[in-house]
Structures are given as structure tokens and as C-alpha cells.
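Where a number appears in this text, it was derived from the coordinates with a stated rule and is not lab data. All of these numbers come straight from a predicted model, not from anything done at the bench. Note that each Cβ is placed from the backbone with ideal geometry, even for glycine, and that neighbours are counted across all protein chains shown.
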Amino acid sequence: MTNATQRDPLAFIGAELDDLRAKHLYRPLRVMSSEQGPVVTVDGREVISLSSNDYLGLTHHPRLKAAAVEAVREFGVGPGAVRTIAGTMAIHEALEAELAAFKGTEAVLTFQSGFTANTGVIPTITGEADLIVSDALNHASIIDGMRLSKAPRKVYPHADLAGLEAVLEEASTKGRPDGAGPYRLILVVTDGVFSMDGDIAPLPGIVDLAERYGAAVFVDDAHASGVLGRNGRGSVDHFGLHGRVAIQVGTLSKAVGVLGGYVAGSQALRDLLVQRARPFLFSTSHPPAVVEACREAIRVMEEETWRIERLWASTARFKAELGRLGFDTGHSETPITPVIVGDSEAAIRFSARLFEEGVFATSVVFPTVALDQARLRTIVTAALTDEHLDRALATFDRVGHELGLIAG
């Protein structure tokens, strides 16, 4: 058979893409040609951004920029190896010590992202003798971390404490299904803030139940880091649960404004992850510019407390005005404010028209959310001014009426 007549073994990819387009589920990447901020240039158009996770406006903070530049001058652009070979620098250790102090835990280990933190820690500490108990709406990184583990798993309905208790009671009463006795570890895993709906996990109730049934609690605080708690210490601090949550995962790429993830917990947990967590063992460590920018971000979060105050004040105003206009914003309790449309095609069209009118609000469709829950996922940041919010809200009002998404 000649090359000209050979069958393309990857031809199915094109068919899958055509299917996504036909179902209005295909989303092309938009390209930004400016720094991140309240107003950005995307696909050549200047727009107000409601699509960034830069909650505190730190991505373009002059102190973080200066810290990154100085780190390059002193330490170069890369660490040269994974940390277990030759890639651990003094500044990596310093960042982790400062994060541990910030979070109020014994130790912290940083990872390349929040995603790799979850896929690193969950398979490392769980196995066939354990049980993972997960909220139904946990982040994809948690789901992938569970899939990489050999541990069986149970899923309870979203934020349903009665459902969680039923799972824990059965697990503690019956033990392992193979009859080999009780589970070595029952690990209850939850997001602190759920990234699509913006609601906060009922963490005090989760912790109470876990303690009653001898389970450990694992919280992914990606969207709570920098947002909840004192100076952005997260959901554990927000609820006053220090010492009662075994593992906290956070991110350095949202409110902190830079890049990376971390696991906060005991020194023993950190030591084990250094020995066995595959993303840590097989990926090069953070470059110096990232490390030093993260360290400076922690200082800014401690000193410029007005940023969180501004974030929450703007969030309250934005939610109230969207509700007054007639939009469905779900049950969000945080700066993540979904504008729920329902139909995927309508959500994509709504996002496109807003963009044409100068507002960047990304549509989210299946499989990220359920087929009938397509939405625009908006985030108000501390960097947005009252004028930005006025313009954005007026545009939502005008385009929403144009497309028949709101009445009146």
C-alpha cells in the first residue's frame, strides 16, 4: 500500500470536532495581546474582562513584576532539573516556609499547578485499603487524582451533609467490601469554593462528620485562596477550622496572580510527597521569577488589605445589579457569578455579542457543566473600577434584551 492510499488512523478526531461544532459545544481559543488586567486586548479588541481568575489584581502588580525581574538577574531563568536531582533552590524552600506560616500548617510543598497538586497527593496517600469520598461537583483535577488512585471511591450529592453521613456510616460500619476489615483511611475530599457555581462548601459540617466517623478531610482551596479568610488564607481560616483539616490544596495562579499549586499539611505529609508524588518527582520545579513573584504576592496580600475589601464590595454590587436586571445567577456566595442561560448555543451567542460590545465574559458549556446549565462564568476582580462595572452592567442589560434572555 502506498502512502497516498494509507488510512489516517487519527481521522476520527476531525469527526469529533465536527460533532462539537454541530452541537454548539466547540469554543476556539481567544488570544490576549496585553497584560492581564481589568481591561485587556483580546483578538485585537479592547474589552472589559470578567473572565480572569486574577481576583486581587496581582498579575500586573509592580512589586510582583520587580521581584520577578530581580530573581532572573540573580538566579537565571530556570532551575535546571527536578527538585530531587538538582533543582531545589533556597528560594523554593523559603516560599514553602512562608506559605506554611500563611496557612497555619506545619509544612507546605509546592507543585507546578493546582491540578498537579491534586493528581500528586491523592494517589500518593491512598490505595486499595482506603476509601475516597467525594462531593459530586468536585473539580476535574480531584476526579483525575481519584482515578489515578487504586482506592475505591464513593460520591455524595453536592454539598449534601445527609448524603455524606450515609456514606461515612456505611463505610465505618461495613468496612472494606472484600471483607478485609476496616478501611485504613477514609478521605473526604471537597472543593472549598466550587468553581462553576461559586458556592462555598459546608466545611464545618463536613469536618464534624469526618471526626465522628474517623475520616480525614482534604480541601481544594483553589478559588478560596486569596478570597476567603484573613488576608485570603482560605476556607479553613474562614470557618476557624485550623488543626481539623488534614490537607489543604491551594493555587498560586489565581488570586496570588502568578503560577503553581501547593499542598499544606503536616511535615510527614510533605516528606512523603517529596519521596513519592509523581508530578513532583518528574517535573522541573518553578523558575526563579515565579517563586519570587509568589513570595512578594504573599507580602502584598498581608499589607494591601483594601484589595479583598474592594473585591467583595464590587462582587456584592455586581450580583445585586444582575439580579435586578432579571438574570439567573444561581446560588453563588463568592466573586464567581454564573449567568445561567441553559442552552449551549444561546450561551455562546450571548458571550460573542458581549465581546463585540466590549465585555469579555466566557461561556461555559458541556462537559464542564450539565447540558442544560450552560452559562457565562463571570468573576469580578479588585482591579475593576466602578466605571468598568457600570459599563459592563449596561452592556449585559442591552445585549440580554436584544437576545431575549431577559424580559421587560
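Figures for the structure shown
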quantity	calculated
Diffusion constant of region 256-408 at 4 °C, which comes from Stokes-Einstein with the Kirkwood Cα-pair radius and 1.567 mPa s, µm²/s	71 µm²/s
Modelled label reach - S266, point 7 Å along Cα→Cβ, region 211-246 residues with backbone N closer than 18 Å	211-219, 242-246
Space enclosed by the convex hull of the alpha-carbon atoms of region 1-142, per residue, Å³	314 Å³
Estimated translational D of region 123-168 in µm²/s (Stokes, Kirkwood radius over Cα pairs; 20 °C; 1.002 mPa s)	197 µm²/s
Likely footprinting exposure, Y26, Y55, Y156, fewest C-beta neighbours within 10 Å first	Y26, Y156, Y55
Hz values of 3J(HN,Hα) by residue in region 381-389 - Karplus curve (6.51, -1.76, 1.60), Gly and Pro given as x	10, 5, 7, 6, 8, 4, 5, 4, 5
Spin-label model distance (nm) - E402 vs D208, 7 Å beyond Cα toward Cβ	5.0 nm
Sorted by Cβ density within 10 Å, fewest first, the residues V274, V108	V274, V108
Coarse-grained scattering of the chain at q = 0.06 Å⁻¹, given as base-10 log I(q)/I(0) from a Debye sum over alpha-carbon atoms	-0.27
Options F282, V249, A162, ranked by Cα towards positive dipole end of the chain, top entry (Cβ charges)	F282
Inter-label distance for V39 and D328, nm, one decimal - labels placed 7 Å from Cα along Cα-to-Cβ	3.4 nm
Sorted by Cβ neighbour density within 10 Å, fewest at the top, the residues E356, E304	E356, E304
Net charge dipole size for the chain [Lys, Arg +1 and Asp, Glu -1 on Cβ; Debye, nearest 20]	620 debye
Cross-link table K65/K254; K23/K254; K103/K174; K23/K154, entries beyond 25 Å C-alpha to C-alpha	K23/K254; K103/K174; K23/K154
Rg and Dmax [Cα atoms of region 79-286; Å; Rg one decimal, Dmax integer]	16.4, 50
